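Asks: Quick one: the structure is below, and I'll ask about it shortly.
The values are calculated or read from the model by the stated rules, or taken from the named source; none is laboratory data. Values in this document were obtained by computation on a predicted structure and should not be read as measured data. Note that each Cβ is placed from the backbone with ideal geometry, even for glycine, and that neighbours are counted across all protein chains shown. Areas reflect the complete protein model, heavy atoms only, side chains present, ligands, DNA and RNA absent. Shrake-Rupley method; radii C 1.70, N 1.55, O 1.52, S 1.80 Å.
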Amino acid sequence: MQKIFQVGSKTFVLDQDKAEAAFAAKKVINGRETMCFNLLPLKYQWAYDLYRKMKANHWEPEDIPMGKDIEQWRDEKTVSDVERWIIRMGIGYFSAAEGIVGDNIQHVVRELVTAPELKLVLGRHAHEENIHADSLLYMIASLGINPHECEAMFEDVPTIVRKNEFVTRVSKSLRREIDLTQPENKKLLAKNIFVFGQCMEGTQFYGLFGMVLSLYRQNKFPGIGQMFRYTLRDESNHIEVFRNLFMDLIEENREIWTTEFKEELRALMAEAVHLEKEFIRDCLPVNAVGLAVEEFVTYIDYIADRRLEGVGLAPLAPGVKNPLPWLAEMMDIKKEQNFFEGRVTEYQKASSLNVAHDDDL
Ligand code: FE
Ligand code: MN
């Protein structure tokens, strides 16, 4: 079917069949290579919806006051050394981790996926990792922590090194010309998407999130706590982006979804959980006020199983209950009234594009 436009003396013919063929060729991987960023018609509606949700949550680190945090950081009496150590571990781990996630999106995942709407949401995702990395700079500068100390944290603390090695391992193998028609290579990408979304952002971020928010609940380091809450809200969208990406990749490439592959992914999650528990024991070498190390360890089992179930995999520790129910409530910041006051609400503009699937070209 063709649609003809006559404008002045010129005639333009638009071919609906060609457009439909282009739409049909949209794929997570191995889709049609095109020089146009043809977002419409959307095939992966979820990607555009999440993109909009993510940008409506925009925040900037400098909007968060750090005065109270600075005061507490310097005051020997208000916060204990254990509590200060948690903040150091948080800053040390995330300074490296946020960059690793952003780099993997830009140089691996966004390079390999072919549908433009997937690239769109991944671009936003990478940008949010930059905001997170920047928020850590802001915390370091505010508290007056020597930046070399922060670098040393991820070079010298073995449990941080091991967590970083675990994720960069599945990223390195994809930084080359790779033939994604080969099932083995499809599995490498699926593994990468699973490890980064469900194991790292979905599970290995949650030990420290929990600890920092425990402090926040006791009115300790309110600025840092607020930034972690915003980060956490972003991470929940990132986990969802990577979960959807993973599910659609599997759906379009069913041949890789074998029993062996499922077990391989579960084993990777088990490794992630093990590394996170070791890390938690380094963050919290002794129990502190309102922070019991065993609760955080159990929380990791709980959250890891939610991630596995989210992608249709069997849990590792079935029946484990959430030992920190208050955390779920604190993470849900959508309910807050006047969440963003002042100029931040300015970011929450409706999209100019109201997308409906229009069959008529
Ligand atoms: Fe992040
Ligand atoms: Mn993230």
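Asks: Which of the peptides 318-327, 283-292 is most tightly packed, and how do the rest follow, judged by the mean count of other Cβ atoms within 10 Å per residue?
Replies: Peptide ranking by packing, descending: 283-292, 318-327.
Asks: Identify the GluC sites (Glu not before Pro) of the range 169-268 meeting these criteria: DSSP loop state and at most 10 other C-beta atoms within 10 Å of the C-beta.
Replies: When the GluC sites (Glu not before Pro) of the range 169-268 are filtered for loop state and at most 10 Cβ neighbours within 10 Å, Glu177 remain.
Asks: Give me the extension gain from Lys55 to Glu177: residue separation times 0.36 nm, minus the current Cα-Cα distance, reported in nm with one decimal.
Replies: 40.7 nm
Asks: Please give the per residue accessible area of the range 69-168, computed with a probe of 1.4 Å over protein heavy atoms only, in Å².
Replies: Accessible surface, normalised per residue, equals 39 Å².
Asks: Let me know the shape class of the range 155-206, please: from the alpha-carbon gyration tensor, a ≥ b ≥ c as square roots of the eigenvalues, rounded when a/c is under 1.5, otherwise prolate if a/b is greater than b/c, or oblate.
Replies: oblate
Asks: Further, regarding this structure: Have a look at Phe228, Ser9, Gln45 and report the one farthest towards the positive end of the charge dipole of the range 2-337, computed about the Cα centre with Cβ charges (Lys/Arg +1, Asp/Glu -1).
Replies: Looking along the dipole axis, the top candidate is Ser9.
Asks: While we're on this one: So how long is each side of the range 1-120 along the principal axes, counting just the alpha-carbon atoms, biggest first, in Å?
Replies: 80, 33, 21
Asks: Sticking with this structure for a sec: Hey, if we sort Ser214, Ser236, Ser173 by accessible area with the 1.4 Å probe, largest down, what's the order?
Replies: From most exposed to least exposed: Ser236, Ser173, Ser214.
Asks: Additional query: So how far apart, in nm, are the two label points at Lys3 and Asp134 if each is 7 Å from Cα heading toward Cβ?
Replies: 3.9 nm
Asks: What ranking of Trp59, Trp257 comes out by heavy-atom accessible area, probe 1.4 Å, highest first?
Replies: Trp257, Trp59
Asks: Next up: Which of Lys163/Lys262; Lys26/Lys119; Lys10/Lys119; Lys18/Lys55; Lys68/Lys163 have a Cα-Cα distance over 24 Å?
Replies: Correct reply: Lys10/Lys119; Lys18/Lys55; Lys68/Lys163.
Asks: Another question, then. I need the Kirkwood Rh of the range 2-337: take the reciprocal of the average 1/r across all distinct C-alpha pairs and report it in angstrom.
Replies: One decimal place: 21.4 Å for the Kirkwood radius.
Asks: Calculate, axis by axis, the spread of Cα positions in the range 154-260 along the three principal axes, and write the results as whole Å, longest axis first.
Replies: On the principal axes, the range 154-260 reaches 53, 32, 25 Å in Cα extent.
Asks: Roughly how many percent of the accessible protein surface of the range 2-337 is carbon and sulfur, given a 1.4 Å probe and a whole-percent answer?
Replies: That fraction is 52 percent.
Asks: On the full set of protein chains, 1.4 Å probe, figure out the accessible area of Lys53 and give it in Å² to the nearest 10.
Replies: Surface open to solvent at Lys53 totals about 100 Å².
Asks: Using a 10 Å cut-off on Cβ atoms, rank the peptides 87-93, 145-151 from the highest mean neighbour count down.
Replies: My ranking of the peptides, most packed first, is 87-93, 145-151.
Asks: Also: Using only Cα atoms and rounding to the nearest 10 degrees, what angle (0 to 90) does helix 158-172 make with the longest principal axis of the chain?
Replies: The angle comes out at about 10 degrees.
Asks: State to the nearest 20 debye the size of the charge dipole of the range 2-337 about its Cα centre, where the only charges are +1 on K and R beta carbons and -1 on D and E beta carbons.
Replies: The calculation lands at about 900 debye.
Asks: Would you be so kind as to identify which of Tyr93, Trp73, Ala21 lies farthest towards the positive end of the dipole of the range 1-137, taking Lys and Arg as +1 and Asp and Glu as -1 on Cβ and the Cα centre as origin?
Replies: Farthest along the dipole direction, towards plus: Ala21.
Asks: In deg cm²/dmol, rounded to 500, what helix-only [θ] at 222 nm does the chain give when every DSSP H run of at least 4 residues adds -39500 (n - 2.57) and the total is split over its residues?
Replies: -19500 deg cm²/dmol
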